[in-house]
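A.B. asks: Have a look at the structure that comes next, please.
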C-alpha cells in the first residue's frame, strides 16, 4: 500500500527524522461494541476478469473500492474488458469512477458519492 500513497502524493524524504510521530492505531482497528459503518473503503487487486465480481459486489453493497489494476497493464484486451465492467457498475449504481496513479489504480464509488477531479494543494 506504500506504493499506492507514493504514486498519489509523491515521495519525499523528511528534512528531519523527528518531523513524524508514530501513531498507535490499535485502539481503532477491530474495536468491538461499536455500530457497523454504513460505508467502507475497501482495497482490491484485479489480475484477471474473474476478480471483478468481488469488486462489483462491494460497490453494489454501497462501499467505495480502490482497485489496483497494474497487473492488467500487460494485457490490453483484459484491461479494457475489466475497465468496461467497472465503468458499468459505477453507472448502474449512479456512482463514480476515476483512475489514479498513471492509471494503475481505479476508485469506484457507490450511489451519492462523487469524486472531485480537482486536486487539493500542490500542482
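A.B. asks: Could you look through segment 82-123, keep only residues that are in contact (Cβ under 8 Å) with a residue 12 or more places away in the chain and part of a helix (DSSP H, G or I), and pick out the one that is surrounded by the fewest Cβ atoms within 10 Å (Cβ to Cβ)?
C.D. replies: 92
A.B. asks: A follow-up question, please. Checking the structure you have, find out if any residue of segment 44-57 is under 20 Å from residue 116 (Cβ atoms), in contact with a strand residue (DSSP E or B) (Cβ under 6 Å, 6 or more places away or on another chain), modelled with pLDDT of 95 or more and not in a loop (DSSP other than H, G, I, E, B).
C.D. replies: no
A.B. asks: May I pose another question? Just to be sure, is residue 8 in contact with a strand residue (DSSP E or B) (Cβ under 9 Å, 6 or more places away or on another chain), under 25 Å from residue 112 (Cα atoms), surrounded by 10 or more Cβ atoms within 10 Å (Cβ to Cβ) and modelled with pLDDT of 65 or more?
C.D. replies: No.
A.B. asks: Restricting to segment 69-81, give me the number of residues that are surrounded by 14 or more Cβ atoms within 10 Å (Cβ to Cβ) and out of contact with any helix residue (DSSP H, G or I) (no Cβ under 6 Å at 6 or more places or on another chain).
C.D. replies: Qualifying residue count, segment 69-81: 4.
The values are calculated or read from the model by the stated rules, or taken from the named source; none is laboratory data. From a predicted model like this one, the values you see are computed outputs, not experimental measurements. Glycine gets a Cβ as well: all are built from the backbone with ideal geometry, and neighbour counts include every protein chain shown.
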